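The values are calculated or read from the model by the stated rules, or taken from the named source; none is laboratory data. Model, not experiment: these values are computed from the prediction. Heads up, the Cβs are rebuilt from the backbone with ideal geometry, glycines too, and the neighbour counts pull from every protein chain shown. Remember, those area values only see protein heavy atoms, side chains included, never the ligands or the DNA or RNA. Shrake-Rupley method; radii C 1.70, N 1.55, O 1.52, S 1.80 Å.
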Amino acid sequence: MIAFWVLAPVMVIAALGILFVRKAVHAALLLAVVMISLAMLYAALEAPFLFAVQIIVYTGAIMMLFLFVLMLVGVDASDSVVETIRGQRVLAVMVGGIFAVLLGVIVGQAGIGTAVGLGAANEGGNIEGLAEVLFSQYVLAFEATAALLITAALGAMVLAHRERLVPRETQADRAAARVRAYGEHGDHLGPLAAPGVYARHNAVDTPALLPDGSPAEQSVPTVISNRGTGRPSPSYRDVDRVVGQLQSRRDDQDPATDTVVEGSGSAARGEDA
Amino acid sequence: MTLSSSTLLTSAAEGGHHSVPVVEAMSPDGVFSLLWLVIALPLAGAVVLLVGGRLTDRWGHWLGTATVTGSFVLSVVMFVQLLGRDDAERQIGQHLWDWFAVGDFQVGMDLLYDPLSALFLLLITGVSALIHLYSVGYMEHDPRRRRFFGYLNLFVAAMLMLVLAADYVGVFLGWEGVGLASYLLIGFWQHKPSAAAAAKKAFVINRVGDIGMSLAIMLMFVTFGTTAFAGVSAAAGDATESTMTAIGLLLLLGACGKSAQVPLQAWLLDAMEGPTPVSALIHAATMVTAGVYLVTRSNFVFENAPVAQTAVVVVACVTLLWGAVIGCAKDDIKKVLAGSTMSQIGYMMLAAGLGPAGYAFAIFHLVTHGFFKANMFLGAGSVMHGTGDDVNMRHYGALRKAMPVTFLTFAMGYLAIIGFPGFSGFWSKDKIIEAAVAENYLVGAAALLGAGVTAFYMTRLMLMTFFTKERWEPEVHPHESPKVMTVPLVVLAALSVLGGVLLLGDWVTTWLTPVVGEVEHHELPVPVIVLTGIVVVVVALGVGLAVLLVGRREVPREAPQDVSFVTRAARSDLYGDAINDGLVVRPGGVLVRGLVATDARGVDGVVEGGAGLVGALSSVLRRTQNGYVRTYALSVLGGAVILVLAMVAVTW
Amino acid sequence: MDDVTPFLVLSAILFSIGCVGVLTRRNAIVVFMCVELMLNASNLALVAFAKHHGNLEGQVAAFFVMVVAAAEVVVGLAIIMTIFRSRRSASVDDASLLKY
């Protein structure tokens, strides 16, 4: 009974927590607490097989399923606390309270007396005893659950299946689309320039430089440029300086030197030069 | 039936004039086994013409004429065969098939050929054949001539069914058949609203009579358990008199509808909207006499119901004067003849209502009337044909020179109908007046007066049409009709003149004895020859008056309006339509409007109010269906709480 | 350990909390968790009764409940996924078109 009196408050608090927490993930974790506690109570109630099943099936499988779905739906999707249906919350608490009190009072007042205990029934082992009942008396129901599980699996597949409405796009299709875009709008036909040619710390947010030294806008991923987290223009200033030096030097020397190759190591190296 | 017919007839002869003959038919043999063919021929003709469509357009009218002529030939052959038989063997029945059997009620498709049917068969097929022939010419320019002949054949088949059936249900079949044919033919030119309305009117008024007929048949079944002539006539004497009176009055109602007797007379005058051959065949010679046939055939009913017989006589007297008065005022030649038809059928009904004293004369007058009225109607058609379909007698005048054959044949019919001594009408009408005088002075006086009035209006018609000055429009060129039309006229004229030979040696009464019983002989208050003289004098007075009033004066082209009340009443059919309107149509309309209002407000109000109430309640209750799963779940939990509480309450 | 009444009372409390959770939470996944809570509460009662009566049928029943719950979770979560995919929302109140 010690286990009960320790676990019962924990379970009630955790269950109440499910009602109040805003994030579904927290609710799932609280539910896991309740379930594990419940498994322990099963052990206390001389049901070792159910103790194991509770942990494996509920806590292990079903809760994982919940968490997977939560992940797909969005982990931080949280409920609004404002009740939209008028009177729903008050009525729900009232009726639920009445229900709880009613059941509690009935059970408490019933005075069902001393339990027989499962000592005799579990004599040959709990699992063996369960198996004997399950495969003799309830064999038909057991087979039916097999059908039920298969049906459920099938149903889940049907529900989760997404019908393909258009044929899969092949490489040839993509190439044709690209050429078409080039023909109609003059879009860039070849692969875009890779960014970060002169990067000093993050190669992705630094645009590549075109042959004339100006930055290639399209070499930076659109996500970064839309967020505005690309390298701000002042960081190009040293690049500009390098370009300027290279140009003045080219004016003095042989203009045939490839400036881009010369300065392609890094900006720091260019400074050293 | 256990008694043989010969025994019955002997006993009838011995038992004096009050025993009613019983219908008991022999099985058919020889040519009589072809009895069904008489009906089947025109029926087949009708089917071919109406189903065949335009394929039969070119020869359809000849087919129609041929089928009816075939029936006529068969009728003549059978008639001759029947003449050669003993009285006792003159009722031949042919069982074709069992029509239907419902419990105890069995109706066979039975035909009965006896002296009465034989005469009718001759009249119907003979006159029909002539009128078919006439129609070939008359309807020549009508694009729907083939259909017309189909209807005519249908009519002939139905009429033959009516007179040949050995069962009241069979009679009813024919009765409805002729009603249908009459409707179709009156409304044959249905593009004219007046024709369509007239057809509808005839149909509706006939339905009123048919209700009487069908109720009579049902009453017969309830009373006797059968509707066959044989069964009813054998058991008629055993029924209570009140039952027989009811049956008789109901049959009279049926007869009134079909024969245009007061109070169901209003349709006949309008029925003249149909083509003239139709008027001649259906609304003068044959169908309208069905009522007389019914009363005569049902003699075993009426002999056991004196009250019904009296009713027949009263109706007949009223009608014969009613029709005669209408005939005096009309300017439409066909309507004059229609009024005359009503009046003459009144004579027949009168004779039929007099019982065994008159049945034979009713049939006799029916036959002669069939000849001379068909003759005159066809003559009128010929006149219309020659004057461009004008029916107004005020637009005729002096046609005797333009159309001599029509004039002469018409004159034969005229002399026959007014009862000029020696002509057929003289013999038949004289006999009826004799019987009426013997029965009751008042009835006799009515019949006598009718004869005088008949002479007046027929003379008026003759004068306005064939004599006096020419009044036709300048563009009208009266001319004689083609041969195909005048030949039937000549034949019918001859029959009109010679129809009286049937009475030679009391042949017709003897002939009909097996059907209607012995003729009773009443003592007349004056010698027969004196009464005949009185009739002739009355007729002469009528003729003279007409000559004085019409022949000696100028006939205006437009009908004068400042006329006496009597003339105005007669012009509007003695207010027959107004009476119908006032007594039936308008109260019916008010009643229906009231019922409609009650239905719309009361019944519909309750129903729609209930529906509206439920709807309003629902629109409130449906607010609970707000679509939120959580609300529904709450109510489920609430229900669970209530359930637990209930269990607790029960346990503790 | 001779009286299972405390277990039954705890079971009733957990069940009621699960009920209230179903009625008040709007995130379909949390609602679903509350349903699982209710199922587990009933399982507890079943196991407690098994001990009370001294036979294993209660435990077998609890086992069946678990199997059915597993099947239910699979299908239920698939439905939630489908709804979320088409409506971009996991709120049970958003799926409220079937109404007056």
Check: Can you put B:573, B:562, B:86 in order of accessible area, largest first, using a 1.4 Å probe?
Finding: B:562, B:86, B:573
Notebook entry, point to check: Of all accessible surface on chain B at a 1.4 Å probe, what whole percent is carbon and sulfur?
Noted result: 68 percent
Margin query: Counting heavy atoms of the protein chains only and a 1.4 Å probe, report the per residue accessible area for the stretch B:330-434 as a whole number of Å².
Written below: 17 Å²
Next item on the list: Would you work out if the stretch C:5-87 is rounded, prolate or oblate? Take a ≥ b ≥ c from the square roots of the eigenvalues of the alpha-carbon gyration tensor; rounded if a/c is under 1.5, else prolate when a/b is larger than b/c, oblate otherwise.
Entry: oblate
Note to self: What's the longest uninterrupted piece of chain B once you rule out the GluC sites (Glu not before Pro) that are loop residues per DSSP with at most 12 other Cβ within 10 Å?
What the structure shows: B:1-474
Checklist line | Gained length - residue B:547 relative to residue B:652, 0.36 nm times residue gap less alpha-carbon distance | finding: 26.1 nm
Next item on the list: Specify whether the C-alpha gyration tensor of the stretch A:34-87 places it in the rounded, prolate or oblate class, a ≥ b ≥ c being the square roots of the eigenvalues: rounded for a/c under 1.5, otherwise prolate if a/b is larger than b/c and oblate if not.
Entry: oblate
Checklist line | Nearest-0.05 FRET efficiency for residue A:61 and residue A:139, computed from C-beta distance (R0 25 Å) | finding: 0.55
Check: Arranged from highest to lowest average of other beta-carbon atoms within 10 Å per residue, in what order do the peptides A:119-125, A:54-60 appear?
Finding: A:54-60, A:119-125
Item checked: Kirkwood-Stokes translational diffusion coefficient of the protein assembly as shown, alpha-carbon pairs, 10 °C, 1.306 mPa s, µm²/s -> 40 µm²/s
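Figure the gain on full extension for residue B:557 and residue B:593 (residue separation times 0.36 nm, minus the Cα-Cα span) and round it to one decimal in nm.
On the way: separation 36, 0.36 × 36 = 12.96 nm, distance 4.43 nm.
Full-extension gain reported as 8.5 nm.
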Next item on the list: Just the Kirkwood number for chain B, please: inverse of mean 1/r across all distinct Cα pairs, in Å, one decimal.
Entry: 26.7 Å
Check: So what does residue B:619 come to for accessible area, using a 1.4 Å probe and Å² rounded to 10?
Finding: 50 Å²
Check: Counting only other chains, what is the mean number of Cβ atoms within 10 angstrom of the Cβ of each residue in peptide C:33-44?
Finding: 5
Check: What FRET efficiency comes out for the pair residue A:13/residue A:127, r = Cβ-Cβ distance, R0 = 41 Å, nearest 0.05?
Finding: 0.80
Margin query: For a bin width of 5 Å, list the pair-distance distribution of the stretch B:152-246 built from all Cα-Cα distances, rounded to whole %.
Written below: 3, 14, 18, 18, 15, 12, 9, 6, 4, 2, 0
Check: In terms of solvent-accessible area of protein heavy atoms at a 1.4 angstrom probe, what is the ranking of B:628, B:457, highest value first?
Finding: B:628, B:457
Next item on the list: Taking a cut-off of 16 Å between Cα atoms, list the lysines near residue C:51, but don't count ones fewer than 8 places away on the same chain.
Entry: none
Next item on the list: Check the straight Cα-Cα distances from residue B:335 and name the aspartates and glutamates below 12 Å, setting aside those fewer than 8 residues away within the same chain.
Entry: B:270, B:273, B:573
Next item on the list: Return the carbon/sulfur percentage of the accessible area of the stretch A:1-78, one whole number, probe 1.4 Å, all protein chains in place.
Entry: 83 percent
Check: Chains B and C: how much accessible area gets covered up at their contact, both sides added, probe 1.4 Å, in Å² to the nearest hundred?
Finding: 1100 Å²
Item checked: In the A-C interface, the accessible area buried, summed over both sides, Å² (probe 1.4 Å) -> 6900 Å²
Notebook entry, point to check: residue B:483: which aspartates and glutamates have alpha carbons under 19 Å from its alpha carbon, excluding same-chain residues fewer than 8 sequence positions away?
Noted result: B:140, B:142, B:389
Margin query: Suppose each label sits 7 Å from its Cα in the direction of the beta carbon; what would the residue A:188-residue B:604 distance come out to in nanometres?
Written below: 7.8 nm
Item checked: Sequence of C:100, B:134 when ordered by accessible area, the most exposed leading, probe 1.4 angstrom -> C:100, B:134
Notebook entry, point to check: Which whole number gives the average, over all residues in B:615-625, of C-beta atoms from other chains lying within 10 Å of the residue C-beta?
Noted result: 1
